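Below: one structure, written as structure tokens.
The values are calculated or read from the model by the stated rules, or taken from the named source; none is laboratory data. Keep in mind it's a predicted model, so treat the numbers as computed, not measured. Quick reminder, even Gly has a Cβ in these numbers, built from the backbone with ideal geometry, and neighbours come from all protein chains shown. SASA here: full protein model, heavy atoms, side chains in, ligands and nucleic acids out. Shrake-Rupley method; radii C 1.70, N 1.55, O 1.52, S 1.80 Å.
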Amino acid sequence: MSFETVIGLEIHAELDTKSKLFCSCPTEFGANPNENTCPICLGIPGTLPALNAKAVTLVVKAGLILNCEINKESHMDRKNYFYPDLPKAYQITQYYTPVCKGGYVDIEAAGVSRRIRLNRIHMEEDAGKLIHLEADGVSLIDYNRAGIPLIEIVTEPDLRSPEEAVAFLIALKSMLEYGEISDCRMEQGSLRCDANISLRKKGQNALNTRVELKNLNSFKELKKALEYEEKRQKKLYTLKEEDKIVQETRRWEAVKEETIPMRSKEDADDYRYFPDPDLGPIIINDTLIREIKKNLPEMPVIRKKRFRELYGLKNKDIDIIVGYKALSEYYEALVSCGAEPKVGAKWILGSILKLLNEKGLKAEQIPIPPEELGKLIEIIEEGKISITAGQEVFSEMFRTGKDAENIIKEKGLSQISNRLELERIINSVLSNNPQSLSDYAAGKKQAAVFLMGQIMKASKGRANPQLANEILDERLKKGLL
Amino acid sequence: MNPLEMTAFEIRREIIEKQFSAKEVITTFLERIYEKEPLIGGFLTLCREEALARAERIDKKISRNEQVGSLAGVPIAIKDNICTDGIRTTCASKMLHDFIPPYDATAVKKLKEADGIIIGKTNMDEFAAAVVSAGMAPIALDSDAGGSMRQPASFCDVVSLKPTYGLVSRFGLIALSSSMDRIGPVAGNIKDCVITLEAMQGEDRLDSTSVRHSIKEDYMSTIENGIKGMRIAVPDGETAFSLKSCIEKFKEMGASVEDISFPMTEEALSAYYIISSAEAASNLGRFDGIKYGYRAEDFRSVDELIERSRSEGFGEEIKKKIILGTLVLSSKYYDAYYNKAQKLRRKIKEQFLRVFEDYDLVLSPVSPVLSDIYTASIHLTGVPALSMPWIESRIIGPHYGEGKIFKAAYALEQELKEGNKNEL
Ligand SMILES: [Zn+2]
């Protein structure tokens, strides 16, 4: 029997605001436990929330970027439940009226383009974090994250494979980054993804029982977890044991590479949602929408098209460069410093990505300013140093932050293009290798390649290869005469 | 010169004119409290040291001829559900027996900025009024958290105002029913009520329900303008004996008083109970024994810690409210109760406000059932209402109609002061 996989995603992204959603505490990552708290985000009796206007602007921006309809009037609701990481015993979220309705993201996976519809985008506050010290038998609470502004983006069940789910998340992440809505750092939890997955017979319209997957903290985990769950469910359908597929939440265990049940639908809380009486309606007028629209940054799709037309890059290369906002900005800066577009791309895709990966750095952390790399490229193009030497200079720049000229000077790497100096080196190589000379004379043209290698070695790679080759050629021919 | 026999307005004046010092005022009131407190039990916490220290600071200001605020040296009692920085705030509940807020409620902060002196925290329910009535403080801040159905002031010989919802910031008022809770002044006379309200009203960026309708009105400058031409409505059939003389006085002073038929029903009571319970159930969730307040001693899990702390820490009445509130918000009953109550609330608001298109003020009825319906309606609609000691009724105004209420109440107060209060 042929099955179809049905996947929907729920993505939480931390909004890129300076302060929390309802108080003025900072949102920066890495503070000491409970350092970023105040009576409001701790839910001390008597305190009240006051909505961060910047957060509202960012949600509207996200909605416009993701083709949503913006609700002119929306409300914040309370989601009531007890948990020690939730200071007020309710989360302020949007249940009845989200800021954004509908919307879509176009994706491409396995060569197929598809439009994935969104259900909604709403705004809500994050909860704190529990730290269990098993050995001491105590639990500690860090409320730094309590009140951090989030958006939840909910898709329709439009995704048909784990690959599509990953392609969607990559596209969405890149759009949120380009829109400066979220910094989307999955490893810091500022982008989190839950997935709903079910299987059905090909051609069937109705949806079967779905399972919710949690703890999918990277693209890799998302793909693996969905593949695992797809396989698990397929097996149960094949064995006619589909009654074992129940509506439940399962947790992806990255180490064991399996999903395990967390809670069933019966255990689900009744959250008793109701409009938060402490917060008035959120009114979004046309002026605000116009203002945000006017200042929308260039989105990845548009930038890709522009890079293709303006710089003549290959699609595969564009996908990588534009895939990271900071990388594409670095590229443009490099080109505007005078680097030839294709040469610039080669540097980015080669040396830069390699070293970023090696050092575990992000695209926004490239330690060489683009104008400095531009200078290095210029020096190489002018033939002042060899490409090999250029690589060495680059690594040194990356490591120390020094500029190219200084490194070349310090290391004596500048290319030898002086004819007299080259002749001197070549003469000494030839006199040290009489055998090669006779080989060449005997018709073994290979000997020239060997001699060229010796010349480069003797010059510590600094010999201008073109000129050296020219001189060697002359000398060999002379020798023959 | 006895501050105990003076209004707050007079106390401030005499302090500025150096007839007595702020410190003497505080000492005098503290003595009064020590004398009366065993009979009344109005205070949960006294702020003797803090009050004396603040009084000294104000005396210093005066001795240096510096400007002082509108409540300079006036002792003020604060209800114990309003947060005071560093001073125990318990809501008279076991749950918060040891809670010391790290901040001042905005209303308290503003009273302090006006150089008022916090003298103590009063017990819940009617005690704010009792404390003023017993002369233990000329002014108190009251809040019928959750909109209690009682009308304390009318029993205690004092004036008490419930201001328009949103006029005084709720920031720092320990929430019970967020859409109804209000802080208001209690005083021995109308003008003291006015200066207290003027000192604490206005926009607060920490309370979103206040920001939206921020006004800053000076009631005092118009309070003596009289009520000539004012249109006052009296609900049909409620020209009770106790209201009769009051109505006569209003007429004598040039107001028109008319009977109106008012479409108020007992539905208002249901809507009020449902909404206030729902909000209370949610607001009281944070008292879980984790971060502050009462924590059960014996528990084996987090769930048990929360369950036991709440079972042992809350009183019976509150538990009933939480249970009702939880029910009406549950997904199964949300539409039938909570949603329906909100629709009713909108309807009641429309009806109520329509009356104010034709009338400046409404006198609330006296009979118990109707009176309760009016109280519920005042809570649901957020209109201001003032209780006076000499009439059983309350004077109700439109939103932000405090100015009109004060004019009428002051006129009546002057009339009655000149004549014999007992004639009513
Ligand atoms: Zn905070």
May I ask which residue of A:413, A:467, A:386 lies farthest towards the positive end of the charge dipole of segment A:385-481, with charges of +1 (Lys, Arg) and -1 (Asp, Glu) on Cβ and the Cα centre as origin?
-> A:467
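Under the rule a/c < 1.5 gives rounded, and otherwise a/b versus b/c splits prolate from oblate, where does segment A:205-315 land using the Cα gyration tensor?
Details: a/c = 2.81, a/b = 1.35, b/c = 2.09.
It comes out oblate by the Cα gyration axes.
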Evaluate the Kirkwood expression for the hydrodynamic radius of segment A:325-481, namely the inverse of the mean inverse distance over all pairs of different C-alpha atoms, and round to one decimal in Å.
-> 17.4
Once you charge only the Cβ atoms, +1 for Lys and Arg and -1 for Asp and Glu, what is the size of the charge dipole of segment A:3-288 about its Cα centre, to the nearest 20 debye?
-> 740
First compute the accessible area of segment A:300-411 with a 1.4 Å probe, then give the percent of it belonging to carbon and sulfur atoms.
-> 51
Evaluate Rg over Rh across segment B:47-172, taking Cα atoms for both radii and Kirkwood's formula for Rh.
-> 0.97
Show A:125, A:340, B:304, B:10 ordered by accessible area, largest first, where the area counts protein heavy atoms only and the probe is 1.4 Å.
-> A:340, B:10, B:304, A:125
Just round it to a whole percent: the fraction of Cα-Cα distances in segment A:304-365 exceeding 15 Å.
-> 44
Ordered by packing density, taken as the mean number of other Cβ atoms within 10 Å over each peptide's residues, highest first, how do A:397-409, B:117-129 rank?
-> B:117-129, A:397-409
Size of the dipole of segment A:419-478 about the Cα centre, Lys and Arg at +1 and Asp and Glu at -1 on the beta carbon, nothing else charged, in debye to 20?
-> 80
Is there a pair in B:191/B:417; B:61/B:110; A:214/A:240; A:220/A:256; A:54/A:173 whose C-alpha atoms are over 23 Å apart, and which pairs would that be?
-> A:214/A:240
In whole Å, largest first, the alpha carbons of segment B:1-114 cover along the principal axes 45, 32, 20
Express the Stokes-Einstein translational diffusion coefficient of segment A:356-401 in µm² s⁻¹, to the nearest whole number, given a Kirkwood radius over alpha-carbon pairs, 10 °C and a viscosity of 1.306 mPa s.
-> 142
Please name which of A:400, A:315, A:365 has its Cα lying farthest along the dipole of segment A:300-411 towards the positive end, using unit charges on Cβ (Lys, Arg +1; Asp, Glu -1) and the Cα centre as origin.
-> A:315
Beyond 23 Å between alpha-carbons counts as too far, so tell me which of A:79/A:244; A:79/B:319; A:129/A:244; B:79/B:404; A:101/B:332; A:20/A:359 fall in that bin.
-> A:79/A:244; A:129/A:244; B:79/B:404; A:101/B:332; A:20/A:359
Put a dot 7 Å past each Cα toward the Cβ at residue A:132 and residue A:288; how far apart are the dots in nm?
-> 4.1
Between the alpha-carbon centers of segment B:4-57 and segment A:20-51, tell me the distance in whole angstrom.
-> 37
Report the semi-axes of the equivalent ellipsoid for segment A:55-141 in whole Å, largest first, where each axis is √(5λ) for an eigenvalue λ of the Cα gyration tensor.
-> 34, 20, 10
Using just the alpha carbons, could you tell me how many Å³ per residue the convex hull of chain B encloses?
-> 145
Given a 1.4 Å probe and every protein chain left where it sits, what share in percent of the accessible area of segment B:3-216 is carbon and sulfur?
-> 49
Grab the eigenvalues of the alpha-carbon gyration tensor for segment A:419-478, scale each by 5, take roots, and send me the semi-axes largest first in whole angstrom.
-> 18, 11, 10
In debye, nearest 20: dipole of the protein assembly as shown around its Cα centre with unit charges on the Cβ of K, R (+) and D, E (-)?
-> 3520
Would you mind getting the accessible area per residue of the protein assembly as shown, heavy atoms of the protein chains only, 1.4 Å probe, in Å²?
-> 45
Once every Cα of segment B:323-424 carries one equal point scatterer and solvent is ignored, give the base-10 log of I(q)/I(0) from the Debye formula at q = 0.22, 0.23 Å⁻¹, two decimals.
-> -1.14, -1.19
Determine which aspartates and glutamates satisfy two conditions relative to residue B:23: a Cα distance under 19 Å, and not lying fewer than 8 residues away in the same chain.
-> B:5, B:10, B:14, B:31, B:35, B:49, B:50, B:56, B:59, B:66, B:113, B:115
Using the alpha-carbon centroid of each, what span in Å lies between segment A:61-102 and segment B:287-355?
-> 22
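With solvent modelled as a 1.4 Å probe, how much accessible area in total do chains B and A shield from it at their shared surface, in Å² to the nearest 100?
Summing both sides, the interface buries roughly 2700 Å².
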Percent of Cα-Cα distances greater than 40 Å, calculated over the protein assembly as shown | 56
Run the quick spin-label model on residue A:31 and residue B:224: label points 7 Å from Cα toward the beta carbon, then report their separation in nm to one decimal.
-> 5.3
Span per principal axis, largest first, for the Cα atoms of chain A (Å) | 99, 56, 55
Given charges at Cβ of Lys, Arg, Asp, Glu: the protein assembly as shown dipole, positive-most of A:246, B:159, A:105 = A:105
When the accessible area of segment A:419-478 is split by element with a 1.4 Å probe, what percent falls to carbon and sulfur?
-> 53
How many angstrom lie between the C-alpha centres of segment A:425-481 and segment B:168-207?
-> 97
Equivalent ellipsoid, segment A:275-317 (semi-axes from 5 times Cα gyration tensor eigenvalues, Å) | 40, 13, 5
Just the ratio, please: alpha-carbon radius of gyration of segment A:300-411 over 2.2 N^0.38 Å, N its number of residues.
-> 1.04
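Leaving ligands, DNA and RNA out of it, rank B:302, A:59, A:449 by accessible area with a 1.4 Å probe, largest first.
Ranking B:302, A:59, A:449 by accessible area, largest first, yields A:449, B:302, A:59.
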Within a 10 angstrom radius of each residue's Cβ in B:285-293, how many Cβ atoms of other chains show up on average? Whole number is fine.
-> 6
Amide H contacts under 5 Å for residue A:100, restricted to residues at least 5 apart in sequence or on another chain and with H modeled in the peptide plane, are A:71, A:121
Quick one: which residues, 5+ away or cross-chain, put their amide H under 5 Å from the amide H of residue B:84? H built at 1.01 Å from N.
-> B:105
Principal axis dimensions, largest first and in whole angstrom, of segment A:114-176 by Cα | 51, 25, 20
For segment A:162-167, 3J(HN,Hα) per residue [Karplus equation, 6.51 cos²θ - 1.76 cosθ + 1.60, θ = phi - 60°, Hz, x = Gly/Pro] | x, 4, 5, 4, 5, 4
Counting helices only, and only those DSSP H runs with n ≥ 4, report the 222 nm mean residue ellipticity of chain A as the sum of -39,500 (n - 2.57) divided by its residues, in deg cm²/dmol to the nearest 500.
-> -12500 deg cm²/dmol
The percentage of Cα-Cα pairs in segment A:3-288 separated by more than 37 Å is 14
Measure of size requested: the Rg and Dmax of segment A:149-285, with Cα atoms as the atom set and Å as the unit; please supply both.
-> 17.3, 55
